[in-house]
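J.: The following block contains the structure, expressed as structure tokens.
What follows draws every value from the coordinates through simple rules; no lab data is involved. Here the structure is a predicted model, which is why all the values come from computation and not from measurement. Cβ placement follows ideal geometry from the backbone for every residue including glycine, while neighbour counts extend to all protein chains displayed.
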Amino acid sequence: MIVVKHKKIGDISYVSHIDTMRILQRAVRRTGLKVNYSGGYNPHMELYPTHPLPLGIQSVAEYLMVGADGISADDFLELYNKNAPRGLVGTEAIELAAKPKLVASVNVIEYSLDIGRALDKSIENIADDKDYHIEYTRKGEVVRKNTYGKVFYIKTDGGILTAGVGTGENSIRIDALFKKIADESGIYVCLNDIMRVNQYIYDGKEYVNADIYLKECKKGLRR
Amino acid sequence: MKNELLRNVLFDVNKPSRYMGGEFNLPNMDKPCDIRVCLCFPDVYEVGMSNIGMRILYHMLNDTDNVICERCFAPEDDMSDKMRENALSLFSLETKRELADFDIVGFSIGYEMIYTNVLFMLELAGIPFRADERGEDGPLVIAGGMCAVNGEPFADFFDVILVGEGEVNLKDLTLRYERAKRDGISKKEFLKSLVGVNGMYVPSITKPIYGEGNKIVSFTTDKVVRSVVKDLDKAYFPTKILVPNIEIVHDRGVLELYRGCANGCRFCQACFYYRPIRERKKDTVLRHAAEILDSTGYNELSLASLSTGDYSELDALIEELRPIVKERNASLSLPSLRLDSFSGKFSEDSRKGSLTFAPEAGTQRLRDVINKNVTDANIDDTMKIAAEQGYKGVKLYFMIGLPTETKEDLRGIVEIVKRTQDIFFKYGDRNKRPRISLSTAVFVPKPLTPFQWERQITLEEMCEKQNYLKGELAKLANVRYSYHDAYTSIIEAALARGDRRLCRVIERAYKKGSRFEAWSERFNFENWVEAMSEEGLTLDEYVGGFEESDILPWDNIDNGVDKGYLLSERKKAYEAIVTPSCKGKCNGCRANKLGRCYE
């Protein structure tokens, strides 16, 4: 099993998660490598992503697990970069004996946005605010969501807004959160500039970066 | 700022990647270039990217020195609303350049119901609709594609309409325009220089002259001769093609086996339009197959031609394609098999879902009239093979309203369905009834066919026939009946055989909101009726028949097939005499004057 860490930047950020998986399958097929397929009547390529990246958001911290044997991680990375479309760029690859439980383990995802200047009001208490709501439109309907328990931390530093939000049932629309915060200070932002920067495994005490987690998997310290 | 604005707009629209390009195998957009072309397809990305013609021409131009070609598709309503709201002009996918900044803007027009979308795209691009309103400024706006067989209904909107195959005339026009630009020749002078050039129809110069009763009496110039690729085997065919970032309608590699069709079904425009019949050699197709799969990563490959089963080397091709496809973990799909060419062996490896066949008419007599050389025995044998191979059902396509059709022919359709059920019961799985899906389209008389002079049946007749079939088929278990909308068929017929007076009608219909009308749920019949009436025209004028002596709106084009041949085929139709496939012996349609037909 090879795990590739990759970026998804530029125009390709407007490609949905499902379509990105199709693109990645084709990219892996173009490498000409023999990758593993599931059994059954309709065999599927062993290709596993991590948590879906919201449409229109960019990322420098995506992970892709590929069932490829008999090739080194570095060689795979080189082939991947030759065959991936513009904007999908492999940055690191690691070879593991088994598929890591990355999706089940990652429970906090960090996003950032350059807002250019300091905010007019403090945002440090949003994570603890039991009555903080965001609003967005889905299928023509306005949706209102409470962010309590879903925002693990939020801060600004030198005009950069950063937030760690939950995954799965704890996930929230990061674009709606950042837009609300920017609007409150009258700052115009391009939501496409939001970047997923890190994925963490949080056990209530410390945040372990997925990069570290994978290295520990390699050493047999984690599964 | 504009780029940032666009990026924010895309946050609020469905499938934003439709508008962003960036596909794998994108040609070099930074190469030195003297001429920029934008190929436009007046439908959404998913439809346009599936068009094999667009695919060929896009890569061909980008593989030409000094030429850069980009793409643009019709934006969906959510995107066009946002563009208007934010004063964004229609732009190309590759470099986000506004359409008005290109040297040539070319539209591929493949079916009648997207004519209004051309105006929709021009309006979003800020380009005046009519060629005479554009003057010397802005890009050369051109059209090509199947509908150029009769370009009259949209003639006013274009500077040039390319007639025939784009590999020849689009490249020729682009290079001529590049030279003209370099030499400082005006647009007007350039258009004049195209008169007499094969494949180039300049509507502002070649015009119809009307006589009494709005009948065309002549044209202002000689006929424009359609251009064709002489040697298809050596013709340009891209194998390093764009791989779409979103799922498109035909999301697979496509191999083109041949152009034209030898069968000569008398209602079929494509059959006559794409003549002379030219095949690609098997080894060339095999090379294309391997290159396409390797360069795209597609896991499916399909064979495209008007009647794949008639390709002369099909058995050997399939035999040799199988290992190429298997080695790459891909699959092969075979579309459009004729009933008389289905032997079952092509589908041995495929999933046994359902098969699709088009008998087109219910009785032998009517099939002879339309020259669909398929017998009742062919149909029964095919169903037997399908049942024995374990297929769960079949899809059958028929047409209603064909010339000379009677109630007996409609009863024949029901009989075929009943016989199919019996055959599946006898030779297939007795415990399961086959799923039979039957679909009927209304016959639309098209230019360049032996039925081009026919009237279309009335709305009442269409509904009566559809209701009869609905009633009869409802008595049979496990049969699903669907039919093509009658109202759309009427407008399609009017636009297919219309004349230049329809340009104003199209413009009016667009202004009333008609767009994306190939999508049945968005079609608005009332808009067309009102637009016709406001121009002092009636639909009856356009869906009624022509006299054989009439000069037809498309008689300004020499499409290859001789008008006399079409007339003789029409006479044979009324006598129910069939014309054999021209694979064995030439039937003398004269298309071979444009290029060698068959070996």
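J.: How would region A:154-198 be classified by its alpha-carbon gyration tensor: rounded, prolate or oblate, with rounded meaning a/c under 1.5 and the a/b versus b/c comparison settling the rest?
T.: prolate
J.: Give, as a single signed number, the net charge of other residues whose beta carbon lies under 10 Å from the beta carbon of residue A:134, with Lys and Arg counted +1 and Asp and Glu -1.
T.: Net charge around residue A:134: +4.
J.: Net charge near residue B:448: determine it from the other residues with C-beta under 12 Å of the C-beta of residue B:448, scoring Lys and Arg +1 and Asp and Glu -1.
T.: Counting the neighbours of residue B:448, the net charge comes to +2.
J.: With a ≥ b ≥ c taken as the square roots of the eigenvalues of the C-alpha gyration tensor of region B:252-336, please select rounded if a/c is under 1.5 and otherwise prolate if a/b is larger than b/c or oblate if it is not?
T.: prolate
J.: Does region B:74-123 come out rounded, prolate or oblate, given a ≥ b ≥ c as the square roots of the eigenvalues of its C-alpha gyration tensor, rounded meaning a/c under 1.5 and, failing that, prolate meaning a/b above b/c?
T.: oblate
J.: In µm²/s, what is D for chain A at 4 °C and 1.567 mPa s, where D = kT/(6 pi eta Rh) by Stokes-Einstein and Rh is the Kirkwood radius from Cα pairs?
T.: 69 µm²/s
J.: Give me the inter-chain shielding for A:3-14: mean count of other chain Cβ atoms within 10 Å, whole number please.
T.: Mean number of neighbouring Cβ atoms from other chains: 3.
J.: Here's a follow-up. Ranked by Cβ crowding within 10 angstrom, fewest neighbours first, how are B:538, A:147, A:167 ordered?
T.: Least crowded to most crowded, the residues run B:538, A:167, A:147.
J.: Students often get this wrong, so check it: of A:155/A:180; B:418/B:465; A:7/A:179, which have C-alpha atoms separated by over 21 Å?
T.: A:7/A:179
J.: According to a simple spin-label model (label point 7 Å from Cα along Cα-to-Cβ), what is the distance in nm between residue B:425 and residue B:458?
T.: 4.0 nm
J.: As a test of the definition: which semi-axes, in Å, follow for region B:2-225 when you take the square root of five times each eigenvalue of its alpha carbon gyration tensor? Largest first, please.
T.: Over the Cα atoms of region B:2-225, the ellipsoid semi-axes are 29, 20, 16 Å.
J.: Now a separate question. Mind giving me the FRET efficiency for residue A:170 and residue B:365? R0 is 56 Å, r the Cβ-Cβ distance, nearest 0.05 is fine.
T.: 0.20
J.: Volume per residue, Å³, of the convex hull around the alpha-carbon atoms of region A:2-99?
T.: Here the figure is 95 Å³ per residue.
J.: A further question on this structure: Using only atoms on other chains, find how many Cβ atoms lie within 10 Å of each Cβ of peptide B:11-17 and report the average.
T.: For this peptide, the per-residue mean of nearby foreign Cβ atoms is 6.
J.: Using the Kirkwood radius over C-alpha pairs as Rh, can you work out the diffusion coefficient of region A:108-208 via Stokes-Einstein at 20 °C, viscosity 1.002 mPa s, in µm² per second?
T.: Here the translational diffusion coefficient equals 153 µm²/s.
J.: How do B:257, A:96 line up, fewest other C-beta atoms within 10 Å first?
T.: Ordered by Cβ neighbours within 10 Å, fewest first: A:96, B:257.
J.: Quantify how strongly other chains surround peptide A:26-38 by giving the mean number of their Cβ atoms within 10 Å of each of its Cβ atoms.
T.: Shielding by partners across A:26-38 averages 3.
J.: Continuing with the same structure: With labels modelled as points extended 7 Å from the Cα through the Cβ direction, what inter-label distance (nm, one decimal) is found for residue A:153 paired with residue B:171?
T.: 6.1 nm
J.: Each label point is 7 Å from the Cα along the Cα-to-Cβ direction; what then is the distance between the points at residue B:524 and residue A:17, in nm?
T.: 3.8 nm
J.: Just add up the charged neighbours of residue A:61: K/R +1, D/E -1, any other residue whose Cβ is under 10 Å from the Cβ of residue A:61.
T.: +1
J.: What translational diffusion coefficient, in µm²/s and rounded to a whole number, does the Stokes-Einstein relation yield for the protein assembly as shown at 25 °C and a viscosity of 0.890 mPa s, taking the hydrodynamic radius as the Kirkwood radius over Cα pairs?
T.: 83 µm²/s
J.: Right, something else. Binning at 20 Å from 0, report for chain B what percent of all alpha-carbon pair distances ends up in each bin.
T.: Reading the bins upward from 0: 19, 54, 26, 1.
J.: Related question: Going highest first, how would you order B:57-66, A:127-136 by mean Cβ packing within 10 Å?
T.: B:57-66, A:127-136
J.: Nearest 10 degrees is fine. How inclined is helix A:174-184 to the longest principal axis of chain A, computing both from alpha carbons?
T.: 30 degrees
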